[in-house]
Amino acid sequence: MFKSSIRTSVLRGAIDALLAVVDEARFNLKPDGISVRAVDAANVAMVNLELSNSAFDTYSVDKEITIGLDLTKFLDLLKMGNPDSECEMVLQDSSRLKIKMGSLNYHISLLEPSTIKREPKVPEIELPGEVILKGADFRQGIKAAEAIGDYLVIGIETKPQEVFFMEAEGDVDKVRLELSKDDLFSISVVGEEYVRSMFSIEYLKEMGRVIAGADEVKLRIGNDFPIDISFRLGEGHVRYLLAPRIEAD
Amino acid sequence: MFKSSIRTSVLRGAIDALLAVVDEARFNLKPDGISVRAVDAANVAMVNLELSNSAFDTYSVDKEITIGLDLTKFLDLLKMGNPDSECEMVLQDSSRLKIKMGSLNYHISLLEPSTIKREPKVPEIELPGEVILKGADFRQGIKAAEAIGDYLVIGIETKPQEVFFMEAEGDVDKVRLELSKDDLFSISVVGEEYVRSMFSIEYLKEMGRVIAGADEVKLRIGNDFPIDISFRLGEGHVRYLLAPRIEAD
Amino acid sequence: MFKSSIRTSVLRGAIDALLAVVDEARFNLKPDGISVRAVDAANVAMVNLELSNSAFDTYSVDKEITIGLDLTKFLDLLKMGNPDSECEMVLQDSSRLKIKMGSLNYHISLLEPSTIKREPKVPEIELPGEVILKGADFRQGIKAAEAIGDYLVIGIETKPQEVFFMEAEGDVDKVRLELSKDDLFSISVVGEEYVRSMFSIEYLKEMGRVIAGADEVKLRIGNDFPIDISFRLGEGHVRYLLAPRIEAD
């Protein structure tokens, strides 16, 4: 059925990335790897995780199967193993998973996939702005804003020069993180003078915790459009899509 | 009367080992060292600490005397000193102890020994199974079980081969730590095919915290019998005896 | 108006020192540096901070001006920057301050100085005892006393020899930190056999946290008089004055 082995720390990181958005998720176990796509209860944030079979030390799936996992419980168990240990997983039947880390063996019950919120369709969106920056910088912008307000504007300005910014405004105080070309891996806007959209810090906070560990994070930004955040995390690829909050004038 | 000096960190470790079972205890100050034996309020767990006079840098007792100590308060005070400092103790009379660590001097009142739960008799029990393992491994088995259920089965199986195991079962999930000969310092069972007894994780959790610091811990196990856990901690010798919870069929 | 740049960690330390006594304060921005003097709501503790212009990498003030700052909020913002980064401050008008650390820009509103408790006059007091000791030792004396009681007696005895002591007494327990000449940088009493005054641990606890970071702290002590505590913190100079609590006989 499904049998694989992967470094415990890699799997931990992947589950943690999902937990920034959802508590439980369907895992699609396919011959070329594992993929997860989930949306939060309020339909504001989407997460997509791709863990290709090359991220695993051994990996075999007879035919595609979908399982449901309680992510909090799963992460708690993974934390019991040595992060450098090998984590072996064997699906026993569609309702039970066997997990082995060193001398530790878990048998955990799976969630019935049909009870989990359906996978979202990924919307096709045109986003004219794109910036690639350090994960730690993106996180700093989020943390700095937390003390100021509940919303964060993320955008790119091209006049007088191209800058990426993250800006929060409270009743009396204001914070702005501004990074120019030299502080970024790349920046570009197609056909617009600027792009800016506003987001809830509550969601970004959780994502920021995960993104801080990424060397590079790519942001795609529009005007009052969702932000598309993607990055590699260890051997996995993570993508968050977060809906904007429309700014009142 | 009683006058001694010992490394603060050694004394801290010893008091901490007692605290896994009781909050206050009688200390028997004897010419050959200090011994403490105490049982918890529910009569489920017993602790025995032996700190021989060789664990001390200086040690003198005129004649045997018993004092009562509030362990939480005593440990709090010991934490105020530098762990590498010398801790000098002088008994001033049966109700006051003087403690000196570096330039810090405490005078603390003692508990009247007769107000403390009587010392238990150590039951004579035959335990056919014996295993010696790393303290850290024993602790991992306890921690892994915490997330699963309230009880932990500890045992040895001899068929098909000798293995030591710690197993917890919840409503739907199961965890088993299994260590074979190669992962253990020693394993043996006399006259039985297997031994197994079930214990409350609540008690083991506290003990596990202390045991994690021991290089080797010896477990003696029977069938639905108390477990006898003994280990060296710094210069002291600690023994826990924990009553089983009889498994319902 | 006012424009300066200073290492973020130096500024953090200075604000933290003020926070041991007050939550908001008036900052006097003068050509030769910044000075703050504040007293707590109960008029028990005073703090004086002097940060001379040489503590700054750049510093310019046209004419003296007083601004009001919410210290908790200010420290929170400073923690968002890298401690090794340069913190640039520009006063925009008397009600707004611009703070830049790396790519992070804050605009914060200032408090109207007239709404903040007036600066105290520093009382002229003769204190016959003086001792200079390690900040860490002073802190150890405070921490050790916390577990024992609510008040701490601080003093110097000259007979049979000069010792500095910190002493707390609870209902049944007692602690005394005693340091003689060899453990101190200096000790002296003018015209008295001893000096001793009693203080609330609640206040000392907060101060102790800050003082622990100072290599040397100078204490000036009288008999039932305020204690005068002064020390260098990074590039700043901090002074606390704490009123005594008169000992009941």
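The values are calculated or read from the model by the stated rules, or taken from the named source; none is laboratory data. Since the structure is predicted, the reported quantities are computational estimates derived from the model, not experimental observations. Don't worry about glycine lacking a Cβ; one is built from the backbone with ideal geometry, like all the others, and counts go over all protein chains shown. Accessible surface areas use protein heavy atoms only, side chains included; no ligands, DNA or RNA. Shrake-Rupley method; radii C 1.70, N 1.55, O 1.52, S 1.80 Å.
Within the range B:80-103, name every residue whose backbone N is under 18 Å away from a label modeled 7 Å from Cα of C:Lys205 along the Cβ vector.
Backbone N within reach: B:80-81.
Size of the dipole of chain B about the Cα centre, Lys and Arg at +1 and Asp and Glu at -1 on the beta carbon, nothing else charged, in debye to 20? Could you put the intermediate results ahead of the total?
Numbers: 30 positive and 43 negative charges, 200 e Å.
Its charge dipole is roughly 960 debye.
Before I look further, what does the range A:2-115 give for accessible area per residue, probe 1.4 Å, in whole square angstrom? Mind dumping the intermediate values first?
Values: 4520 Å² over 114 residues.
Accessible surface, normalised per residue, equals 40 Å².
Might you report the magnitude of the Cβ-based charge dipole of the protein assembly as shown about its Cα centre, with Lys and Arg at +1 and Asp and Glu at -1, to the nearest 20 debye?
Result for the protein assembly as shown is approximately 300 debye, rounded to the nearest 20.
What total accessible area, in Å², is buried where chains C and B meet, using a 1.4 Å probe and rounding to the nearest 100?
Details: alone 12370 and 12360 Å², together 23640 Å².
The buried area between C and B, both sides summed, comes to about 1100 Å².
Given label points at 7 Å from Cα along Cα→Cβ, what nm distances, shortest first, separate B:Asn223 from the same residue in every other copy?
From this label point to the equivalent ones elsewhere in the assembly: 8.1, 8.1 nm.
Which of the residues in the range C:160-181 show a loss of at least 10 Å² in accessible area from their chain by itself to the complete set of protein chains, at a probe of 1.4 Å?
Residues of the range C:160-181 that lose at least 10 Å² of accessible area once the other chains are added: C:Val172, C:Asp173, C:Lys174, C:Val175, C:Arg176, C:Leu177, C:Glu178, C:Leu179.
What are the nm distances, shortest first, from B:Ser95 to its equivalents in the other copies, labels at 7 Å along Cα→Cβ?
Spacings between copies for this position, smallest first, are 6.7, 6.7 nm.
Taking a label point 7 Å from Cα toward Cβ, how far is B:Asp150 from its twins in the other copies, in nm, shortest first?
So the label point of B:Asp150 gives 4.1, 4.1 nm to the other copies.
Using unit Cβ charges (K, R positive; D, E negative) and no other charged atoms, how large, in debye to the nearest 20, is the dipole of the range A:60-167 about its Cα centre?
Values: 13 positive and 19 negative charges, 82 e Å.
Here the size comes out at about 400 debye.
Would you list which lysines come within 30 Å of C:Lys121, measuring only between C-alpha atoms, while excluding same-chain residues fewer than 8 positions from it?
Excluding near neighbours in sequence, the set is C:Lys3, C:Lys30, C:Lys63, C:Lys73, C:Lys134, C:Lys205, C:Lys218.
Among B:Gly135, B:Ser180, B:Val195, whose Cα projects farthest towards the positive end of the dipole of the range B:129-242, with charges put on the beta-carbon of Lys, Arg (+1) and Asp, Glu (-1)?
B:Gly135
For the range A:152-249, what's the relative contact order in percent, using C-alpha pairs closer than 8 Å and at least 6 residues apart? Numbers along the way, then the final one.
Numbers: 165 pairs, mean separation 22.4, N = 98.
Relative contact order for the range A:152-249 comes out at 23 percent.
Please enumerate, by chain and number, the lysines with C-alpha under 16 Å from the C-alpha of B:Lys159, excluding those fewer than 8 residues away in the same chain.
Of all the lysines, those that pass the test against B:Lys159 - Cα under 16 Å, at least 8 places apart if same chain - are B:Lys181.
Within a 10 angstrom radius of each residue's Cβ in C:138-146, how many Cβ atoms of other chains show up on average? Whole number is fine. Before the final figure, lay out the partial values.
Details: counts 0, 0, 7, 3, 0, 3, 10, 1, 2.
Mean shielding count: 3.
When the accessible area of each residue in the range A:102-136 is compared between its chain alone and the complete protein assembly (1.4 Å probe; ligands, DNA and RNA ignored), which residues differ by at least 30 Å², being lower in the assembly?
By number: A:Ser103, A:Leu104, A:Asn105, A:Tyr106, A:His107, A:Ser109.
Based solely on its DSSP helices, what 222 nm [θ] is calculated for chain B when runs of n ≥ 4 H residues each add -39,500 (n - 2.57) and the sum is averaged over all residues, nearest 500 deg cm²/dmol? Show your work: numbers first, answer last.
Numbers: 4 runs with 43 residues, N = 249.
The per-residue figure over chain B is -5000 deg cm²/dmol.
From the protein chains alone at 1.4 Å, what is the descending order of accessible area for C:Glu178, A:Glu235, largest first? Present the calculation step by step, with values, prior to reporting the outcome.
Numbers: C:Glu178 70, A:Glu235 95 Å².
Solvent-accessible surface, decreasing: A:Glu235, C:Glu178.
At a 1.4 Å probe, what is the % contribution of carbon and sulfur to the accessible area of chain A? Can you show the working numbers first?
Numbers: 5000 of 11270 Å².
It is 44 percent, rounded to a whole number.
Go through A:Val44, A:Leu18, A:Phe74 and say which Cα lies farthest out towards the positive end of the charge dipole of chain A; charges sit on Cβ, +1 for Lys and Arg, -1 for Asp and Glu.
The one lying farthest along the dipole's positive direction is A:Phe74.
Under 8 Å for C-alpha pairs, at least 6 residues apart: give me the relative contact order for chain C, rounded to a whole percent.
Values: 590 pairs, mean separation 51.9, N = 249.
About 21 percent, as a whole number.
With all protein chains present and a 1.4 Å probe, how do A:Arg26, B:Arg12 order by accessible area, largest first? Working shown, then result.
Values: A:Arg26 30, B:Arg12 55 Å².
Sorted by accessible area, descending: B:Arg12, A:Arg26.
Pick out the long, greasy-scoring helices in chain B: whole DSSP H runs spanning 20 Å or more along their own axis by Cα, mean Kyte-Doolittle at least -1.0. Each step should come with its number before you reach the end.
Numbers: long enough: none.
Result, helices passing both filters: zero.
For A:Ser230, what accessible area in Å² do you get when you roll a 1.4 Å probe over the heavy atoms of the protein chains, rounding to the nearest 10?
20 Å²
Using +1 at the C-beta of Lys and Arg and -1 at the C-beta of Asp and Glu, which of B:Pro83, A:Leu219, C:Leu111 has the Cα lying farthest in the positive direction of the dipole of the protein assembly as shown?
Positive-most Cα among the choices belongs to B:Pro83.
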